[in-house]
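K.L.:
First, the structure itself, so that you have it in front of you.
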Amino acid sequence: MRFRLLRPVIGIIGNHYLINDQYPAHAAGVMNSEAVAALCDAIPLIIPTDPRYGSTDEWMGICDGFVLTGGRPNVHPEEYGETETEAHGVFDRNRDSVVLPLVRACVAHGLPILSICRGFQELNVAMGGSLYPEIRDLPGRDNHRMPPDGTLEEKFAMRHIVKLTEGGPFHRILGSTEVLTNSLHGQGIKQPGERIVIDGTAPDGTPEAIYVAGAPGFTLGVQWHPEYEAAKDPVSRPLFESFGEAARAWKAGRALRRAG
């Protein structure tokens with residue numbers, strides 16, 4: 001019996017965790033899968049971020065799009081030519097080695113990617129950009145980190161406005177040049193990578209929305225977390241829906257290429 005996938009498959013980049021401080025696991029937040037399934041009308045597939053388990057070509061052969069998720073570990077500064085300091089936090093070199101080449105390949109071929117928080121930073125670094133290790137230490141910048149205490153609702157509460165470029169891709173998708181977002185990140189863009197366009201900023205000037213100029217496919221990145229209660233949020237919903245449309249288009253194009 002042959003089975004046919006009717007919906008696109010979207011790879012959700014996983015993170016490495018220790019359950020009960022001893023059992024290793026690859027996992028991703030349920031809210032990512034919920035957003036992909038409900039708003040993209042796609043099948044969520046968690047990608048284990050270890051190069052031993054799959055190559056860039058193999059993951060691209062399986063998936064019709066990727067969500068580059070947030071995560072506690074940061075991109076290692078060696079990936080953008082800087083020296084590690086205590087301010088850079090903790091790292092996951094396996095995720096770096098999987099995601100950075102995957103991003104570059106997706107950008108080149110037009111396979112859709114939606115980059116969130118750490119994923120936003122990965123998109124910038126993959127294109128040759130660099131990061132500030134701690135935004136709140138910069139003169140004139142706000143503290144964008146997740147509140148250390150409170151409920152999940154309080155941690156993901158709306159924190160600031162993001163101003164978007166009029167006529168840019170985010171404006172076209174979201175229908176406004178100002179949107180309200182949450183904020184749960186410590187690092188941020190220092191030098192934009194090649195072809196990285198900053199399409200939205202926080203009131204303190206921190207880059208919050210980016211895309212890759214001239215990319216043949218969907219390559220949007222946001223510094224906030226749109227996956228939280230995405231179906232209820234007027235900003236998150238159209239963002240995921242647009243990403244889902246891009247994944248369906250890629251899947252349809254893949255079928256045509258195979259038929260040809």
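K.L.:
Checking the conditions here, which among Asn32, Asn94 is in contact with a Lys or Arg (Cβ under 9 Å, 6 or more places away or on another chain) and either part of a helix (DSSP H, G or I) or without any contact (Cβ under 8 Å) to a residue 60 or more places away in the chain (or both)? It would help to see each step written out before you state the result.
P.N.:
Numbers: Asn32 fails: in contact with a Lys or Arg (Cβ under 9 Å, 6 or more places away or on another chain).
Unique residue meeting the criteria: Asn94.
K.L.:
Could you please tell me which pairs satisfy a Cβ distance under 9 Å, a separation of 6+ or placement on different chains, a first residue in the range 205-231 that is on the phi > 0 side of the Ramachandran plot, and a second residue that is of a type in the set (S, T, N, Q) and open to solvent by less than 20 Å² (accessible area, probe 1.4 Å)?
P.N.:
Close Cβ pairs satisfying both conditions: Glu229/Ser236.
Here's the yes/no breakdown for (1) among the polar types (S, T, N, Q); (2) outside any loop (DSSP other than H, G, I, E, B); (3) open to solvent by less than 40 Å² (accessible area, probe 1.4 Å); (4) at pLDDT below 95:
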site: Ile173; (1), (2), (3), (4): no, yes, no, no
site: Lys190; (1), (2), (3), (4): no, yes, no, no
site: Val197; (1), (2), (3), (4): no, yes, no, no
site: Ser242; (1), (2), (3), (4): yes, yes, yes, no
site: Leu256; (1), (2), (3), (4): no, yes, no, yes
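K.L.:
Among residues belonging to the range 152-171 that are part of a loop (DSSP other than H, G, I, E, B) and modelled with pLDDT of 95 or more, point out the one that is least open to solvent (accessible area, probe 1.4 Å). Walk me through how you get there before you give the answer.
P.N.:
Filtering the range 152-171 down to residues part of a loop (DSSP other than H, G, I, E, B) leaves 156-159, 165-168.
With modelled with pLDDT of 95 or more added as a condition, the list becomes 165-168.
Working: Thr165: 65, Glu166: 149, Gly167: 44, Gly168: 7 Å².
Looking at the filtered set, the residue picked out is Gly168.
K.L.:
Return the total of residues in the range 107-151 being modelled with pLDDT of 95 or more and outside any loop (DSSP other than H, G, I, E, B).
P.N.:
So the answer is 19.
K.L.:
Moving on. Among (1) more than 30 Å from Pro77 (Cα to Cα); (2) part of a loop (DSSP other than H, G, I, E, B); (3) acidic (Asp, Glu), there is one condition Glu227 misses while meeting the rest; what is its number?
P.N.:
(1)
The values are calculated or read from the model by the stated rules, or taken from the named source; none is laboratory data. None of these values were measured; they are calculated from a predicted model. Every residue, glycine as well, gets a Cβ built from its backbone with ideal geometry; the counts of neighbours run over all protein chains shown. Side chains included, ligands, DNA and RNA excluded: accessible areas come from the protein's heavy atoms. Shrake-Rupley method; radii C 1.70, N 1.55, O 1.52, S 1.80 Å.
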